[in-house]
Amino acid sequence: MDLESIWNSFLEKIKGEINEIQYETWFSESKLVYLKGDTAKVLVPSIVHKKHLSNNYIDLIEENFTELTGTNFKFEFYIEEELETNVIIDTDEIGIPNEKFETNLDPKYTFKTFIVGNSNKFAATSALAVAEQPGNMYNPLFIYGSSGLGKTHLMQAIGNYITQTSNKRVLYIPCDKFVSDFVEICRKTSSDNREAIRNFKNKYRDIDVLIIDDIHNLVGATSAQQEFFNTFNELYQNNKQIIISSDRSPEDIKKLEDRLRTRFSQGLQIDILPPEFELRMNILNKKIEQQDLENKFPEDVKEYIASNCVGDIRKLEGAITRVYAYATIMNGEDITLDLAVEALKDFFVQRIVAKNKIDQVIQLVSENYNITPEDLTSKKKTNNIAIPRQIAMYICRVYLEENLTKIGIEFGGKNHTTVMHAVDKIKHEILKDEALNNEIQKLINKIK
């Protein structure tokens, strides 16, 4: 059979799969022009047809053509100009030719790779809602929180989801880049300025989704604030999705124009909180699994790392790398808690607040029971020291919500089972001893 006969047979088959309007619109004027190896090239009347067939009918086409020919083919769609010039024309969703569009998105940032816990569950859920209905749900979406908590990951996950499920044009850009682009057009000579302004506006306004990171960097750039205000308004009025991140809430970004602060606040604001211990452990386990090191890191080492990487989850991966490298350098020694503590002694930023609170507990309990902090963290087991030590461990675990391994380290290197025993014992005692319960509450109330 020649190409025309094959394609006519295919079109007859397709007629039975779709309605008449769909067939007449998208298939009736198509033509098979090449069939060799595993490639089938189809000529279509317009760029709109090319885009629509590729995005919406490719599975149906490939399935029916395979049934007809008994061979799997990869389909490519062309318009006549492309076949004549051998130049492929890229298009947007309405079929208008355009240059290749750079989203600046990193494909590794997806919802699948974003690990969810109590501290970021609301943020993840809201972000997915925006990704599914950009421009309709929570516009603008303003995500804020300290560095290293996953803001950029979540924003880019939205962008990647949208690009994978639609033809919408998504642009991810750090705020510094927006400012530098604006400064650049201001430096142009008068002869070049008109084209530079047009290119700038096309870049930031001829899109469907604008994702801008670290918006607090607009502070101090007065002219750039004015331009971003105009960009924001045009996108918003055209129901284009705007997603913004910052290290603080709109109300806390000082020296930001009130009209911008008001617009940032009119959508949904999400605060990503520091991850709780359980989430840090889940992230740590995932990163260890990705590096195929599951059998190298014992549980107490992972707990030690998770206990110290509190404010910046990016440091979890760095800690894993450092411990593994240190063990390798030490002639391939097994990774133990002592080795991990040694490897990371200069790596962690000291947890001043948390450590001060643990120190406060040690100091308060020592003073209350007329013993020294050194006694409390020693290996002495006399009753006048053991009971206060158990009380101090209980407060650190229940009130400060510290990890068992971390508490053990702060109390002279006790193992986590010793700490667990102490906590359980005091929990049992306060149920039957109201005076002890009141005494512990007084100690807790003194913690600042």
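The values are calculated or read from the model by the stated rules, or taken from the named source; none is laboratory data. Note that the structure is a prediction, hence the values are computed from the model and not measured. Backbone-built Cβ (ideal geometry, glycine too); neighbour counts: all protein chains shown. Ligands, DNA and RNA are excluded from the accessible area calculation, which covers all protein heavy atoms including side chains. Shrake-Rupley method; radii C 1.70, N 1.55, O 1.52, S 1.80 Å.
General remarks:
- One residue stands out among those in region 419-445 that are surrounded by 17 or more Cβ atoms within 10 Å (Cβ to Cβ) and under 42 Å from the mean Cα position of the chain (by Cα): the one that is farthest from N368 (Cα to Cα), which is V419.
- Hey, L364 in contact with a helix residue (DSSP H, G or I) (Cβ under 6 Å, 6 or more places away or on another chain) and free of Cβ contacts under 8 Å to residues at least 60 places away in the same chain or not: no
- For E333, the requirement of being open to solvent by 50 Å² or more (accessible area, probe 1.4 Å), in contact with a helix residue (DSSP H, G or I) (Cβ under 6 Å, 6 or more places away or on another chain) and either at negative phi or free of Cβ contacts under 8 Å to residues at least 24 places away in the same chain (or both) is met.
- Identity of the residue in region 311-325, at pLDDT 85 or above and among the small types (G, A, S), that ends up farthest from the chain's Cα centre (by Cα): A325
- Residues satisfying the stated conditions in region 164-184, i.e. modelled with pLDDT of 90 or more and of a type in the set (S, T, Y): Y172
- Looking across region 378-418 at every residue that is basic (K, R) and modelled with pLDDT under 85, the one that is most open to solvent (accessible area, probe 1.4 Å) is identified as K381.
- Hits in region 281-302 - residues which are outside any loop (DSSP other than H, G, I, E, B) and either closer than 24 Å to K112 by Cα or free of Cβ contacts under 8 Å to residues at least 24 places away in the same chain (or both): M281, N282, I283, L284, N285, K286, K287, I288, E289, Q290, E299, K302
- Matching residues in region 208-224 - criterion: being at pLDDT 90 or above and open to solvent by less than 10 Å² (accessible area, probe 1.4 Å): V209, L210, I211, I212, D213, I215
- Some residue of region 39-54 being open to solvent by 70 Å² or more (accessible area, probe 1.4 Å) and either at pLDDT 90 or above or out of contact with any His (no Cβ under 7 Å at 6 or more places or on another chain) (or both): no
- Region 252-280: number of residues that are touching a residue at least 40 places away in the same chain (Cβ under 8 Å), assigned to a helix (DSSP H, G or I) and either open to solvent by less than 70 Å² (accessible area, probe 1.4 Å) or in contact with a Ser or Thr (Cβ under 7 Å, 6 or more places away or on another chain) (or both): 6
- Any hit, region 89-105, residues being open to solvent by less than 30 Å² (accessible area, probe 1.4 Å), at pLDDT 90 or above and either touching a Leu at 6+ places or on another chain (Cβ under 8 Å) or not small (G, A, S) (or both): yes
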